[in-house]
Amino acid sequence: MANKIPRTPVREQEPAVRATNFEEVCYGYNEQEARLEASRCLNCGKPRCVEACPVSLQIPRFISLINAGDLAGAAAAVAEDSSLPSVCGRVCPQENQCEGSCILGIKGEPVAIGKLERFIGDWGRNTGSLKVKCKPANGHKVAIVGSGPASLACAADLAKAGYGVKIFEALHKAGGVLEYGIPEFRLPKAGVVAPEIENVKKLGVEIETDVVVGRTVTIDSLMNEEGYEAVFIGSGAGLPRFMNIPGENLNGVVSANEFLTRANLMHAYDDSYDTPIYTGDRVAVVGGGNVAMDAVRTAKRLGAEATIIYRRGEAELPARREEVHHAKEEGIDFRMLTNPVEVIGDDKGWVKALRCVRMELGEPDESGRRSPVEVPGSEFDIECDVVIMALGTSPNPLIATTTDGLETNRRGCIVADENGATSRPGIFAGGDTVTGAATVILAMGAGRKAAAAIDAYIKSK
C-alpha cells in the first residue's frame, strides 16, 4: 500500500562543506525520486492539503500526474494556481500547512509536497515547456506597488484575466523579499527567482524598477493621471524593529534587513563585488524566526562564529524546523532562554559584548506561547563583534502618509479586509504590508484574493 512506502529522502550538501559556501543546500528530487514520492499520495477524496494551502494549489492532481509520468500536465496544473512554484517549493513552511494536514502524517510521514512542487516547478522552467494561456486584453489597467510574492501573485492572476498590469518597484531589481531577504543558499536568485519573475512578465506584466511610490509617483497620481482603475499595494514590511536597549547605536549593531540586503541583493558574499559587509570574528543574532536563521547562517558562511540568542525555549522557536535543523548541522550555537539587556562597546565605539539575562518560561501569552520571565541576578556577557537584530519588521509609512484616506493600524500596517479591500475604493493591499512580516505563501494567497476582488470591483463599475 502507498502509505507503507517510506518518505523519499532528499539529497543535500554535506554540512561541513555547505557552511563554507553559498550554493544551494538542498539538491531536490530527480524524476525517479519524485515519482516514487508521488506514489505515496492517497489522492484523498476530500484533500485536507488543498484546504491548508493559502493559494489552493490542487495538490493531489499535480502529484498524481507526476506519479503517472505526465510531467507537462503536472507543471500546467501547478501553474493554474501558483506563479512561483520553484520558490514556494523551497521556502514555504509546508510542515505547518499542506504537509501538516496530510493524512499520512497522522501515523507516519506526510507526502513531501513541497519537494514535489519544487521538482515540477524546476522541470517546467528548465524544459521551457510551460505555456500559460491568458484571456484577451479587456482594456482595463491595474497598478501594483512592490514586486514581492503578494504582488507577483496578484499580477499573474490579473494578467491571465486580461488586465493590463504594471508593477512599480522601489529597488533596482524585482522580487522584493525573494531578492533581498532570503539567502542564495536557500533560494538561488539567477537560477530560480529571476526565471520565475520572467514567467510572470511573459504573461504581459510590465515591471518598472527604481520607482518609489510616495515620492516618484503617488497612488493618487497613478489613478487620477495615469488611468489605472485599481491599485494593489504589496510593498511588504521593510522597516526593522530594534529592542531599544542601551548600546544599540554602537558600531556593529545592524538590522537583519540591512545585513541580508547587503549579502543578497548587493552580493556582498561575492568577492567580485565591492559591497562592504562586516562580521568580525563573532556574530550574535537576536531572534528565533526564519530571518534570524537566514542571518546567522549567512554570518557563518562569511567566516564568523555565529550564535542565535532567543528568549524562549527551542520548542517555541518560530523558524521552520528544517532551517533550525540545517543551522545546527552547520555548527550554529543556540543560546535559548536568553535575552539581551545591553550592548557593550569598547573605547572606540565598537561592539565587544552582548549583556544578557537568563529567562524561564511562565504562563502562555496572548499568542498561546509561554511568556519568558527574567531570572533575577542572572546577568552574563556574550563576547561578540557584531549584533544582528532579527526581531521582525513593519511596513514603511511612506505610502500610507502620502495617500489620503488610507487607514492603518497601530503597527503601521494598512487595514484591509479578507479580500484585500482597503478604506479607499479601488485601492487594495495584501501580504506583509497588511499582516506584518509573514511567509511567502501567505503573501501569495493574499495577492490572489486581491486579484479576484479587483476583477469584481472593476467589473462592477
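Where a number appears in this text, it was derived from the coordinates with a stated rule and is not lab data. Model, not experiment: these values are computed from the prediction. Virtual Cβ from ideal backbone geometry, glycine too; neighbours counted across all protein chains shown.
Brief remarks on what is shown
- When the Cα gyration tensor is reduced to axis lengths a ≥ b ≥ c, the ratio a/c is 1.5 or higher for segment 242-391, and with a/b not above b/c it is classed as oblate.
- Over segment 388-461, all Cα pairs binned in 5 Å intervals from 0 give whole-percent P(r) values of 3, 16, 25, 23, 18, 9, 4, 1, 1, 0, listed from short to long.
- Nearby aspartates and glutamates by direct alpha-carbon distance to residue 135 (threshold 18 angstrom, same-chain neighbours under 8 apart not counted): 80, 81, 157, 206, 455
- Ratio Rg/Rh, restricted to segment 2-127 and using Cα atoms, in which Rh is the Kirkwood radius: 0.96
- Ranked by how many other beta carbons lie within 10 Å on average, peptides 38-50, 130-142 from highest: 38-50, 130-142
- The stretch between residue 216 and residue 23, if pulled fully straight at 0.36 nm per residue, gains 65.8 nm over its current Cα-Cα span.
- Sites residue 460 and residue 367, calculated FRET efficiency, Cβ-Cβ separation with R0 56 Å, nearest 0.05: 0.90
- Calculated FRET value between residue 270 and residue 134, using beta carbons and R₀ = 56 Å, to 0.05: 0.90
- Whole-number percent relative contact order across segment 61-128, with pairs defined as alpha carbons under 8 Å at least 6 apart: 36
- The magnitude of the dipole of segment 193-287, with charges of +1 and -1 set on the Cβ of Lys/Arg and Asp/Glu and taken from the Cα centre, is near 420 debye.
- 3J(HN,Hα) along segment 6-21: x, 4, 6, x, 10, 6, 9, 5, 5, x, 5, 7, 5, 5, 10, 9 Hz, from the Karplus curve 6.51 cos²θ - 1.76 cosθ + 1.60 with θ = phi - 60°, whole Hz, x for Gly and Pro.
- Across the options 43, 64, 25, the greatest Cα extent toward the positive end of the charge dipole of segment 16-78 (unit charges at beta carbon of Lys, Arg, Asp, Glu) belongs to 43.
- Length added when fully stretched, residue 208-residue 48, from 0.36 nm per residue minus Cα-Cα: 53.7 nm
- Amide H contacts under 5 Å for residue 342: 355, restricted to partners 5 or more places along the chain or on a different chain, H placed in the peptide plane at 1.01 Å from N.
- In terms of distances greater than 29 angstrom between alpha carbons, the cross-link table entries 201/461; 46/449; 46/459; 107/300; 173/202; 300/348 yield 46/459; 107/300.
- Mean residue ellipticity, 222 nm, helices only, the chain: the sum of -39500 (n - 2.57) across DSSP H runs of n ≥ 4, divided by residue count and rounded to 500, is -9000 deg cm²/dmol.
- Sequence-ordered 3J(HN,Hα) estimates for segment 55-63 from the Karplus curve with 6.51, -1.76 and 1.60 and θ = phi - 60° stand at 9, 6, 4, 7, 5, x, 5, 6, 5 Hz, glycine and proline given as x.
- Counting only Cβ charges, +1 for Lys and Arg and -1 for Asp and Glu, the dipole size of segment 1-117 around its Cα centre is about 420 debye.
- Cut-off under 5 Å, modelled amide H: who pairs with residue 230 long-range: 143
- Beta bridges per DSSP with both ends in the chain, % antiparallel, nearest 5: 40
- Cβ-placed point charges (K, R +1; D, E -1), dipole of the chain about Cα centre in debye, nearest 20: 1460
- Normalised by the number of residues in the chain, the mean separation of alpha-carbon contacts (under 8 Å, six or more apart) gives a relative contact order of 16 percent.
- With K and R counted +1 and D and E -1, the other residues having a Cβ less than 10 Å from that of residue 95 yield a net charge of 0.
- Rounded to the nearest Hz, the phi-derived 3J(HN,Hα) couplings of segment 339-345 under the Karplus curve 6.51 cos²θ - 1.76 cosθ + 1.60 (θ = phi - 60°) are 10, x, 10, 6, 9, 9, x, where x marks glycine and proline.
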